[in-house]
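Step one of this worksheet: look at the structure below.
Nothing in this text is a laboratory measurement; each read-out follows from the coordinates by a stated rule. Being a predicted model, the structure only gives us computed values, none of them experimental. Note that we place each Cβ from the backbone using ideal geometry, even for glycine, and neighbour counts take in every protein chain shown.
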Amino acid sequence: MLEFWKSLFAYKQFIPHGHCYLWKPELVGLHIVSDSLIALAYYSIPIALVYFVRKRQDFPFNWIFLLFATFIITCGTTHLMDIWTLWYPTYWLSGCIKAITAIISLYTASELIPLIPKALALPSHAQLEIANQELEREISIRKQAELALQEREAMLRRISDNLPNGAIYKVIRELDGSDRFDYISAGIERLMEVRVEDVLKDSSLLYRQFIPEDVPLLQAAVDESRRNFSVFDIQLRIQTPSARLKWLHFRSTPRQLQDGRVVWDGLVVDVTDLKRVEETLRKSEALLEESQQVARLGNWEFELATGKITWSKQLFDLFNRDPELLEPNYQENLQLYCPEDAGKLAQATERAMSTGESYQLILRASPIYGSTIYIEGIGHAEFNADGKVIRLYGTAQDVTERQAALNKRKQAEEELRRSETLLATAQKIAHLGSWEWHLGSEKQIWSAETFRIFGLNPAESVPTQATFLQMLYPEDRPVLQRHLLQAIANGNPFNLEYRIVQPDGSLRYLESRAEVAYDTQGKTVRLYGAILDITERKQAEIALKQSEIRYRAIVEDQTEFIARYLPDGTITFVNQAFTRYFGRSPEQLIDSCYQPIIFEADRERVAQLIAAMNADNPVAIIENRVILEDSVRWTQWHNRMLFDEQGCFIEFQTVGRDITALKQIEETLFQEKELAQVTLQSIRDAVITTDAFGRIQYLNPVAESLIGCSEASAKGVLLEEVFRIVHETTREKVKNPIEQALQENRIVSLANHTVLITGRDQEIAIQDSAAPIRNREGQVIGAVMVFHDVTQNRLLSRQLSWQATHDALTGLVNRQEFERRVEQALHVAKLDYQVYTLCYLDLDHFKIVNDTCGHVAGDELLRQITVLLQEKVRKTDTLARFGGDEFGLLLTQCTLEEALRVANNLLSCVQEFRFVWQEQVFSIGVSIGLVVIDTNSESLAEIISTADAACYTAKNRGRNRVYVAQTDDQERLQQRGQMQWVGRISQALESDWFCLYVQRIAAIIPTDQNGDHYEVLLRLRDEQGKLVLPMAFIPAAERYNLMHLIDRWVIRTLFKNWSRVVDNKQSIYAINLSGSSINDDRFIDFLHEQFTLHPISPQHICFEITETVAIANLLKARQFIQKLQRMGCRFALDDFGAGMSSFAYLKSLPIDYLKIDGSFIRNIVENPVDNAIVTAITRISSVMGIQTIAEFVENDAILERITALGIDYAQGYGIAVPHPLGKI
């Protein structure tokens, strides 16, 4: 068996086919035929597979067929090689081919095995049968759909063929970029006047009709549609072969065929009419917009749900608002109108929103948008299905011109009514009536004046032709009837005079004028005219004839010389006065020449003046001298040209009179005028005269100098052109005094503060008066004005006025002017609800500078403080100095918060300020009281007093601070009470309401030398006679600087009653003095005066000052005490121990008595501290030789205790109670 396998696989054991065949030759043919048929079969199979694959490219796995075809070809080739090797044993080639076949076989097997599952997934025959059946059903459905589609396409084509203005098309964009119409309906023949067959053959027949300007638009739209497969939608213009211009609307949808071509299926419609409508609409909209712009009309809408208001552009222009801005809201829209009109619009709008009622209003726009314009606002409402208003819309139109036209129309109607009234009045005055006669209806219309002329009552009479003819005067009736018939028959108007007899029998002359009115056929239908009552004229004509006779008589009786003469000088008429004056008879003068009677020197001038007369200048007044028999006289002649009714010149008439006396008077007046001229040239006042119309007639040299122009250049010029006067403060033009004097016919003086602006633009303060100039009849014929330069006087007056309202030291306004401005601020605050604030400033420690360095330093400090304060306040505020170291500041329109900020700023700057005087540096402060001025403020006095009280409170609280006055401020109420005491104290001083009490001071160890000792006390009796203790009014007196007056009253009263009330010559009376008296430099002189007036020894008088007063100005107090002691008076220091006590003060004050304060004495028995203090004071006083007095000794225990301590005197209710002076 092994051998078999070895022989099988050992290649050397193979025998060539040929060798085998040679042994059996009959089998060679069989092999050749078999291999050839196999090879043929193998080669035919790949051909069939390739053909199959080529035809069924959509078949799945078609590539495997090609691979299998390759395998079959290689197999067939191996069979051919078997035949080859029968004769040519090239086994290596046969082996290679078989190797290739094997490789392809393996590759085919490797590719085929994975395809088995996919092949198995292919449908089976049954499945394909079912699929075929389903496919057949779908094909049937598709065929039905295609039939339906074909029917619809046929219907669509029929519809498209019958479209009146459109066509359907299908155009294909070929791959070469050319366009071809695959289908187009017959409607294209109506649209573009080309046949369908031609278009299908040549698409350019359509493209050539497009307007060249639209071709780029067409190409761009086609490219975009093809590129994006978007809808092709465009409107283009064409021009048809018949030269008609059309607009076509193309719309189609593109799709792409499998071969890459693009097809558009679409519709083209003739939109020429629509374009025309659109163009018409656009023009209409443009015209509407232009019309709205011209008519200044705008639209608006108001959506109630959103509150949005929409405006048209014209509305923005109407209200001069920027269209880029948002429309105004409802409230802003109302603010566009005047307040009263905005209210009407708001009411109308609310009514429209609630009831849907439309409105139409005439409104005035607010002036902030320029000049006031009138707006006609119209609004309507739009309702929803529920009948609720959802929107308002309307228009707003500028009707300013129409409103002006309406106003003009109203004025015209008013003028017409007035004219009708004037016409009726004029007819009544002129006795002119009107009438109408309507021939068809025989109706006559007479005006009221016509009835009056006829003497008829319009309420009782009916105007008829019969009535009229009955009134005619019998002789005039035929004439008037003939004229009426001619007017009716021939249309002849007439003007006729006739007479009527009124119902009361009076005869009236009338002049009637008639006109004719025709209808369209030229027939007379109406007569109308006017009737004028000429009775008075007729009567005047009769009277004129009579007056002619009287005229001749009057002319003959005239004292004036009357004559008539021809142009050549020949006299034709003279009256008797003429003959008497010249001493000749009428016969001698008539027909003679007038020239010989004229003085020879005047003849040529007279002839020239008469020759210059003409129809335009028919009158000449000539003055000349005439020759009489015994003298030469001056005469005046009124020469007049006389004309006939045709206007032809007849002759001259002259009326003369003797003016010799008048000439003499003129000469006298000329001399007086020369004297007046010389006077006016010499006076220092400026003088201007004008005529009755205000034109300058004369300027004297002073007036020329002040005005800046000469008399020659100013003569005839209106005064106001060269005499320019204005108010020096307001610069407003001042009314011309001459114009006012002429208008009011009285003497007028210029108001103060008037300045004259000269021709050189210089300003001169003037004072003047103007008066009218009257003639003999009292008629105003001109005016005269006298004025002079008061510039220096006014400067002096202004300076005095400034000094009256300002402080001389600081230049600030003084208290009087400040109070006037506060009064004005109070008025404004109450009227306009504005707020002001008043600051009352009082410098702290100013007295130290004044007393230390003198008044010069104090004045310089006040000036520097003034500059400092002025830098911190506004120009609109008022800073004033009240006097001393007190200032006032009125802050204009300033709230309390702002005022506090200003006050604290002032406080800081004053506090930081350092005053340097002669190498000494002082720091001061300021106490400020604030009070608000508003509608609740009462009066000026209340405001000032409240501010003063607030300042005083600031000082009491530690100085250098700001205090605001409050309504319920207890300190302010207390201060007000003190201020009320000021008036009562002053009244008490004047009316002697004060009275003196005394209290005994007892010597604890009486001696003969002691005598009686009393303290003088002050009381006040009020209006009811009740006693008022000093502590009720002394603080007010100290606050308002009245203590020095009270001190003097006490001294004066005590000294005056000394001899009456003092019996014991050894008595000593102690008088309390205030700090005001110590600082009063004139007090010592007053005291000298009192001691001189009254025989009182100074040794009986002891003056008391409190410790606090003495310490406040120790040097001043020491000097004051020394002066009194030199006079012989004694001195006591009161209330020692109550203030900043220091025994060192006692060394500086040369006092006689030391009064220990009662606060230590009252509790001396129980309180060891008080006992120790009093003991120390007593011992020191004893060492210094000063006697002590204990106050408030109220019982024996206290008296016993102070006696033990060695006190010299005791005073109190335990010793003696106070009693009136004189009842000791």
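What range in the chain is the longest one free of chymotrypsin sites (Phe, Trp or Tyr not before Pro) that are in a loop by DSSP and have at most 14 other Cβ atoms within 10 angstrom? Don't jump to the answer; show the numbers that get you there.
On the way: sites that count: Phe14, Phe61, Phe229, Phe693, Tyr833, Tyr1213.
The reported range is 230-692.
Using the Cα centre of segment 1095-1224 as origin and beta-carbon charges of +1 (Lys, Arg) and -1 (Asp, Glu), tell me which of Ser1181, Ile1156, Tyr1213 is placed farthest towards the positive end of the dipole.
Ser1181
Express in nm, to one decimal, how much length is gained between Glu332 and Ile64 on full extension, taking 0.36 nm for each residue of separation and deducting their alpha carbon distance.
87.8 nm
Considering the dipole of the chain built from charges on the beta carbon (Lys and Arg +1, Asp and Glu -1) around the Cα centre, which of Tyr840, Leu480, Ile211 is farthest to its positive end?
Ile211
Taking the Cα centre of segment 1089-1212 as origin and charging only Cβ (+1 Lys, Arg; -1 Asp, Glu), how large is the dipole, in debye to the nearest 20?
660
Using a Förster distance of 25 angstrom, determine the FRET efficiency expected from the C-beta separation of Lys875 and Thr895, and round it to 0.05.
0.85
Suppose each label sits 7 Å from its Cα in the direction of the beta carbon; what would the Leu217-Glu401 distance come out to in nanometres?
Reported label-point gap for Leu217 and Glu401 is 3.8 nm.
Once you put a point 7 Å from the Cα of Leu281 and another 7 Å from the Cα of Lys715, both along the Cβ direction, what distance in nm separates them?
8.4
Could you tell me the relative contact order of the chain? Use alpha-carbon pairs under 8 Å, at least six residues apart, and round to a whole percent.
Numbers: 1841 pairs, mean separation 37.0, N = 1224.
RCO, the chain: 3 percent.
What is the extension gain from Lys830 to Glu744, computed as 0.36 nm multiplied by their sequence separation minus the C-alpha to C-alpha distance, in nm to one decimal? Could the numbers behind the result be given before it?
Numbers: separation 86, 0.36 × 86 = 30.96 nm, distance 4.00 nm.
Computed gain between Lys830 and Glu744 is 27.0 nm.
How big is the antiparallel share of DSSP beta bridges in the chain, given as a percent to the nearest 5?
90
For segment 595-657, which GluC sites (Glu not before Pro) are both in a DSSP coil and crowded by at most 11 other Cβ atoms within 10 Å?
Details: sites: Glu600, Glu604, Glu623, Glu629, Glu645, Glu651; in loops: Glu629, Glu645.
Hits after loop and neighbour filter: Glu629, Glu645.
Grab the other residues whose beta carbon is less than 14 angstrom from that of Val828, score K and R as +1, D and E as -1, and report the net.
Here the count lands on 0.
Over 24 Å between C-alpha atoms is what I'm after, so list which of Lys715/Lys735; Lys283/Lys313; Lys313/Lys408; Lys170/Lys201 land there.
Going by Cα-Cα distance, Lys313/Lys408 fall outside the 24 Å limit.
Net charge within 15 Å of Gln209 by Cβ-Cβ distance, Lys/Arg positive one each and Asp/Glu negative one each, not counting Gln209 itself?
Its environment carries a net charge of -2.
Between the DSSP loop rule and a limit of at most 11 other Cβ atoms within 10 Å, which GluC sites (Glu not before Pro) in segment 730-782 are left? Don't skip to the answer; put the middle values down first.
Numbers: sites: Glu732, Glu739, Glu744, Glu763, Glu777; in loops: Glu732, Glu777.
In loop regions of segment 730-782 (DSSP not H, G, I, E or B), the sparsely surrounded GluC sites (Glu not before Pro) are Glu732, Glu777.
Please report the spacing between the Cα centers of segment 813-835 and segment 367-418 in Å, no decimals.
For segment 813-835 versus segment 367-418, the Cα centre distance is 47 Å.
Report the full-extension gain for the segment Arg914 to Thr791: residue separation times 0.36 nm, less the Cα-Cα distance, to one decimal in nm.
39.9 nm
Report the paramagnetic label zone for Val389: residues of segment 332-359 whose backbone N is under 16 Å from a point 7 Å from Cα along the Cα-to-Cβ axis.
Those under the cut-off are 334, 343-359.
Give me the percent relative contact order of segment 683-795, please, defined on Cα pairs under 8 angstrom at least 6 residues apart. It would help to have the intermediate numbers written out before the result.
On the way: 240 pairs, mean separation 30.4, N = 113.
Reported as a whole number, the value is 27 percent.
If each of Val479 and Arg513 carries a label point 7 Å out from its Cα toward its Cβ, how far apart are those two points in nm?
My value for the distance between the label points is 1.9 nm.
How high is the FRET efficiency between Ala543 and Phe573 when r is their beta carbon distance and R₀ equals 22 Å, given to the nearest 0.05?
0.40
Just how far, in whole angstrom, is segment 1076-1108 from segment 703-775 if you go by their alpha carbon centroids?
67
Regarding the chain, what are the three Cα extents along the principal axes, ordered largest first, in Å?
Reported extents, whole Å, longest axis first: 208, 151, 71.
Along the charge dipole of the chain, pointing to its positive end and built from +1/-1 on Cβ of Lys, Arg, Asp and Glu, which listed residue (Thr791, Leu67, Phe250) has its Cα farthest out?
So the residue we want is Leu67.
R0 = 45 Å: FRET efficiency of Ala346 with Asp1022, Cβ-based, nearest 0.05?
Result of the calculation: an efficiency of 0.10.
What's the center-to-center distance, using Cα atoms, between segment 473-487 and segment 856-915 in Å?
Cα centroid of segment 473-487 versus Cα centroid of segment 856-915: 105 Å apart.
What net charge do the residues around Arg526 carry, taking every other residue with its C-beta under 14 Å from that of Arg526, with Lys and Arg at +1 and Asp and Glu at -1?
Numbers: positive: Lys443, Lys523; negative: Glu436, Glu442, Glu515, Asp519.
That sum, taken over residues with Cβ under 14 Å, equals -2.
Mind listing which trypsin sites (Lys or Arg not before Pro) in segment 476-535 are in a DSSP loop and have 14 or fewer other Cβ atoms within 10 Å?
For trypsin sites (Lys or Arg not before Pro) across segment 476-535 that sit outside H, G, I, E and B with at most 14 neighbouring Cβ atoms in 10 Å, the list reads Lys523.
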